[in-house]
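The values are calculated or read from the model by the stated rules, or taken from the named source; none is laboratory data. Everything numeric here is computed off the predicted structure, so don't read it as measured data. So basically every Cβ, Gly included, is an ideal-geometry build from the backbone, and we count neighbours across all protein chains shown. Just the protein is used for accessible areas: all its heavy atoms, side chains included, with ligands, DNA and RNA removed. Shrake-Rupley method; radii C 1.70, N 1.55, O 1.52, S 1.80 Å.
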Amino acid sequence: MNMSLSERGSTKPQQITHSAAVSTRHMAEESTRQPGRIGAPTNRLVLLWPQAVVLTLLLRNTLSRSQRVVSFEQKGFHSCCEFHRSGEGPRRDRLMANATFWTVVLVCVSATCTILFSSSIGGGLLSDVVPQRAFKPSYPKTKRLPPPSDVPPPGPCTCPTGALLLKDAFPAAEYKELMQRRHKELQQHKNRTESVLSTLLYAPSNSPLQYPIQGFKVRPMTPTIIPGLALHAAQRNNYTVSLKVSKGVLSTVTPAEGAKVQGNGESRLMVESSSLEVLNELLADVSYASTLYHIHTGDLASFQFEDHEAVFPITIKQPQPPVLYDMGTDINSQVTITTKTFLRYPEVNALLRSIRQFYKDMEVIIADDSFVTEKITGDHTQHFIMPPAQGWFAGRNLAVSQVTTKYFLWVDDDFQFTKGTNIEEMVKIMETNPELDV
């Protein structure tokens, strides 16, 4: 029967007693039930049986010869002269020495066989008799790995043979200045698009500190209370916490009797009190204010108590006033149709006729950069004449800049409206899903 690796690995060893008979029976059952586990060591055990038989016969032969010498002595042959004359005296000494030698050898070999037998069955007896803690492995201490870098290391150049490298197209002095300007521009780009809020932070597994881990926003140079600051610690004689920032100052209210505040109005604030309730009241009134005006940046605040430290971000951003539109009561006050044309007046006039067939009062804006222009008139139609051949992007920007409704519908100058052109359904989808955008 086939068995997966996970099934084999999940088989638990059975508990056995200290009795040798029960242990032997248990091993036999295990070998029968799990041949893949005990089969290979059993082959080793079979190879040891011939060696044991040879040693047993050798010991039997040696002991029998020693017994014959002893029987001679028991029959009364005690004369040393007779033994020396017949040569039996030295022979008896040799036999006794050989018997002693082979006895010691047999004991050593038996001990070796016992060790091999125990190791051959995979330590089944020892692992069951000896407590498991004796074989507890020692695992290496886990190390915290640094966060991966966002920029991979540069790889080798794989340009094809004969290709001209960019650095070789400039003189050495000019190339050096060019690289310095590019490096400066890259740093400026990072400063515009990145901030300390991009720093990777690890949340602690357990901490008595309570703090806002995300979403705390302040206006530039405007004092704002930090929400959620608190300490949850066991009973102590004294409580001391500290907060530290780098781009602003921290402050709190005047401490009550029995409390102490250091660094009020500075970048590092320390609060100390013998009462946890008084300490949390002071933390609830801690405010942050940036010292430099920046419309969109951030700061990192460090909150520490004894050996516990937490870091949370502070977003410094000048809020933008929302742009609100009057949606009106019908589709004409919600959508403007925009297009751009170039020397295609028949197509534009056909487009206008199709629009007025379904939407008579909807505003239409046309951007025109033709070399020879024609006048386009009509109700709710705005025709903007541009310098010749300014291009599609310039015409699009001009047309969109004149839109005053919440939505605009961009079409090509050869588009035709039909009964299937349902602008109301488009607006309904956009209003139902405000997160949609183009």
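Within the range 412-438, how many residues turn out to be touching a residue at least 12 places away in the same chain (Cβ under 8 Å) and either over 43 Å from the mean Cα position of the chain (by Cα) or not in a helix (DSSP H, G or I) (or both)? Before you say what the answer is, go through the steps one by one.
Our first condition is that a residue be touching a residue at least 12 places away in the same chain (Cβ under 8 Å); within the range 412-438, this holds for 412-419, 421, 423-424, 426-427, 430.
Remaining after also requiring either over 43 Å from the mean Cα position of the chain (by Cα) or not in a helix (DSSP H, G or I) (or both): 412-419, 421, 423-424.
Counting residues in the range 412-438 that are touching a residue at least 12 places away in the same chain (Cβ under 8 Å) and either over 43 Å from the mean Cα position of the chain (by Cα) or not in a helix (DSSP H, G or I) (or both) gives 11.
Among the residues of the range 235-250, how many are touching a strand residue (DSSP E or B) at 6+ places or on another chain (Cβ under 8 Å) and either buried (at least 18 other Cβ atoms within 10 Å of the Cβ) or not small (G, A, S) (or both)?
11
Right, D379: among the acidic types (D, E) and under 13 Å from K340 (Cα atoms) or not?
Here the answer is no, as D379 does not meet what is asked.
Pairs only if they're at least six apart or on different chains, beta carbon under 7 angstrom, first in the range 163-192 and modelled with pLDDT under 80, second among the hydrophobic types (A, V, I, L, M, F, W, C); list them, first residue then second.
L165/C159
Tell me the strands (runs of 3 or more DSSP E) entirely within the range 168-286 that contain at least 1 residues that are more than 28 Å from P319 (Cα to Cα).
Where strands (runs of 3 or more DSSP E) fall fully within the range 168-286 and carry at least 1 residues being more than 28 Å from P319 (Cα to Cα), they are 239-244, 259-262, 268-273.
Taking D299, is it under 30 Å from S207 (Cα atoms), touching a Gly at 6+ places or on another chain (Cβ under 8 Å) and acidic (D, E)?
Yes; evaluated as a whole, the condition is true for this residue.
Given the criterion aromatic (F, W, Y), farther than 30 Å from A230 by Cα and open to solvent by less than 90 Å² (accessible area, probe 1.4 Å), identify the matching residue among F384, F312, F303.
Of the residues listed, the single one that is aromatic (F, W, Y), farther than 30 Å from A230 by Cα and open to solvent by less than 90 Å² (accessible area, probe 1.4 Å) is F384.
Take the residues in the range 193-215 that are surrounded by 10 or more Cβ atoms within 10 Å (Cβ to Cβ) and hydrophobic (A, V, I, L, M, F, W, C); name whichever of them is modelled with the highest pLDDT.
L209
Considering the range 393-411 alone, what residues qualify as being part of a loop (DSSP other than H, G, I, E, B) and exposed (fewer than 12 other Cβ atoms within 10 Å of the Cβ)?
Within the range 393-411, just T404 meets the criteria.
Can you report the number of residues in the range 260-279 which are open to solvent by 20 Å² or more (accessible area, probe 1.4 Å) and over 28 Å from P220 (Cβ atoms)?
7
Please verify whether the range 416-436 includes one or more residues that are of a type in the set (D, E), touching a helix residue (DSSP H, G or I) at 6+ places or on another chain (Cβ under 6 Å) and surrounded by 15 or more Cβ atoms within 10 Å (Cβ to Cβ).
Looking for residues that are of a type in the set (D, E), touching a helix residue (DSSP H, G or I) at 6+ places or on another chain (Cβ under 6 Å) and surrounded by 15 or more Cβ atoms within 10 Å (Cβ to Cβ), one finds none in the range 416-436, hence no.
Name the single residue that is nearest to W410 (Cα to Cα) among those in the range 315-333 being in contact with a helix residue (DSSP H, G or I) (Cβ under 9 Å, 6 or more places away or on another chain) and open to solvent by less than 30 Å² (accessible area, probe 1.4 Å).
Restricting to residues being in contact with a helix residue (DSSP H, G or I) (Cβ under 9 Å, 6 or more places away or on another chain) and open to solvent by less than 30 Å² (accessible area, probe 1.4 Å), the top hit is I331.
Return the residues of the range 334-347 that are under 16 Å from V411 (Cβ atoms) and surrounded by 20 or more Cβ atoms within 10 Å (Cβ to Cβ); say none if nothing qualifies.
V335, T336, I337, T338, T339, K340, T341
List the number of the failed condition for V372; all other conditions in (1) exposed (fewer than 13 other Cβ atoms within 10 Å of the Cβ); (2) touching a strand residue (DSSP E or B) at 6+ places or on another chain (Cβ under 9 Å) hold.
(2)
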